[in-house]
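The values are calculated or read from the model by the stated rules, or taken from the named source; none is laboratory data. Since the structure is predicted, the reported quantities are computational estimates derived from the model, not experimental observations. Here Cβ is always computed from backbone atoms with ideal geometry, including for glycine, and neighbour counts include all displayed protein chains. These accessible areas exclude ligands, DNA and RNA; they are computed on the full protein's heavy atoms, side chains included. Shrake-Rupley method; radii C 1.70, N 1.55, O 1.52, S 1.80 Å.
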Amino acid sequence: MQYANAISNLVSSVQKGITTFQQQQFQNPLLLDQERSVKGAELQQQDSQEKPVSLVSTFKNAITSTAMLRPNGGSDQSTSMASLSEPESIRLQRFKQELSGSCINLHALRRLAFHGVPDRDNLRAVVWKLLLSYLPPSPEDWPAALAKRRTQYHVFCDELMLDPKRLSSNTGRDLDVVPPLMVVGITGPLQAQDVTSDDHPLSLAQSSQWNVFFQDSEVMAQVERDVMRTHPDMHFFTGESPEAEVHREEMKRALFLYAKLNPGLRYIQGMNELIAPLYYIFKLDPDDRVRQYAEADAFWCFMELISEFRDHFCQQLDNAQTGIRATIRKLMAVLRHHDAALWKHIEVVHKVDAQFFAFRWITLLLSQEFTLPDTLRVWDMILSDPHGRTDALMRICTAMVLNVKDVLMQGDFTVIMKTLQRYPPVDVNVILSRAAAMTPCSEIL
């Protein structure tokens, strides 16, 4: 009877713990229901270690109470909340110690970040800025370096964002015929443009400021369409709240300026997915003085990030050694090295073109394959890998294919395509651990 009561208490305790955990799971106002999947739940709640511990402790205490009633039952309750959170606390302390020196050792910082940056105190924002060379190694130089970059960004806004009202006033046109300004949020008047009497809204001359403005409007329209589709499951990016509108406008402006500064490449669909994680972590900085410059900081970090992968976006370089097709071929060569049977099943037996799934994986740095919290963890490894970002990306992609080997080997063309194009939910740490243990691609190719 006593044992039956204990079992009943066990079930009640576990159910209570699960209910409490589920209620806590849905307290983040930034996320919609679609984002709260099993795949992203753990990382979304790492900023509050007490949440998962409460469920674990409840379950362990119930098990222990039952075991005490059984013959030879032990009652080891040494696992406490402090001990469960100890590894995270130690890692957090190691990061803070590394960042507190007069000159930060980037090699040591990369070793720490390679295994994940703690989701505490927005530490990831500082670490990524260092890994992307936005911040210099010496913290004493940070204020001057940040002021220079942020000022330069706003100069770009003034010089490259054409104001149709200014153009209209210089040409004597009626303001009523001026199209609405495509970019919102620019404060203060722009620099006056030297416009000739022949420069008017219908001019097709390459030197026409009006012609440039309408071309810019087309680019901005494309940017806006993509930004509106960025992480539709997150209130941070979508919705009609004033905050979400500000976030979208700032991302649009940063991407538009990139297009203006890189006329050979301009804006390519999908770039919004690469700037989104950067802007997200910078905009959530607890320091309001830092948060107000999230747009400029994200712009410069995006410039550095895409500098290594920009050839993947250039269609003219698709068949070059640095183009996307060459990178996909290298990925399949790495897969063949690690599992020749699986490679043969995919590429030879069923003739699956790796571009159907790997093109998005590589160009968007896996940002659409995982939830945003998981993507941040993936990027920790990509940005800090000692063998380079591209090497890390290919190893992670290879680990993803190997992780679903059983499904792929038993499937046909349709199963393979469906599995790799819509990657199933997975603990991202399992993928990253497998990728970290792999031989560097540079030693294979």
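Using a cutoff of 8 angstrom between alpha carbon atoms and counting only pairs six or more residues apart, the relative contact order for region 88-140 works out to 40 percent.
Given C-alpha coordinates of region 235-306, what is the ratio Rg to Rh with the Kirkwood estimate of Rh?
Details: Rg = 12.1 Å, Rh = 12.5 Å.
Result for region 235-306 is an Rg/Rh of 0.97.
Ratio of Rg to Rh for region 316-443: 0.93 [Cα atoms; Kirkwood radius as inverse mean 1/r over pairs].
Share of carbon and sulfur in the accessible area of region 396-445 stands at 51%, probe radius 1.4 Å. Calculated accessible area for region 316-443 comes out at 43 Å² per residue, all protein chains present (probe 1.4 Å; ligands, DNA, RNA ignored).
For region 88-140, the solvent-accessible area works out to 47 Å² per residue, with a probe of 1.4 Å and every protein chain left in place.
Two decimals is fine: what is log10 I(q)/I(0) at q = 0.13, 0.15, 0.20, 0.21 Å⁻¹ for region 384-442, from a Debye sum with one equal scatterer on every Cα and no solvent? Here log10 of I(q) over I(0) equals -0.37, -0.47, -0.76, -0.81.
With each label modelled as a point 7 angstrom along the Cα→C-beta vector, the Leu99-Arg266 pair spans 3.9 nm. If R0 is 30 Å, the Cβ-Cβ spacing of Met228 and Leu284 corresponds to a FRET efficiency of close to 0.90.
Using a 1.4 Å probe on the protein chains only, how many percent of the accessible area of region 88-140 belongs to carbon and sulfur? Present the calculation step by step, with values, prior to reporting the outcome.
Details: 1160 of 2480 Å².
The computed percentage sits at 47.
Here is the size of region 88-140 from its Cα atoms: Rg then Dmax, 10.1, 28 Å. The distance linking region 304-381 with region 384-428 is 10 Å (Cα centroid to Cα centroid, whole angstrom). Within the shell defined by Cβ-Cβ distances under 12 Å, the residues around Ala354 carry a net charge of +4, with Lys and Arg each +1 and Asp and Glu each -1.
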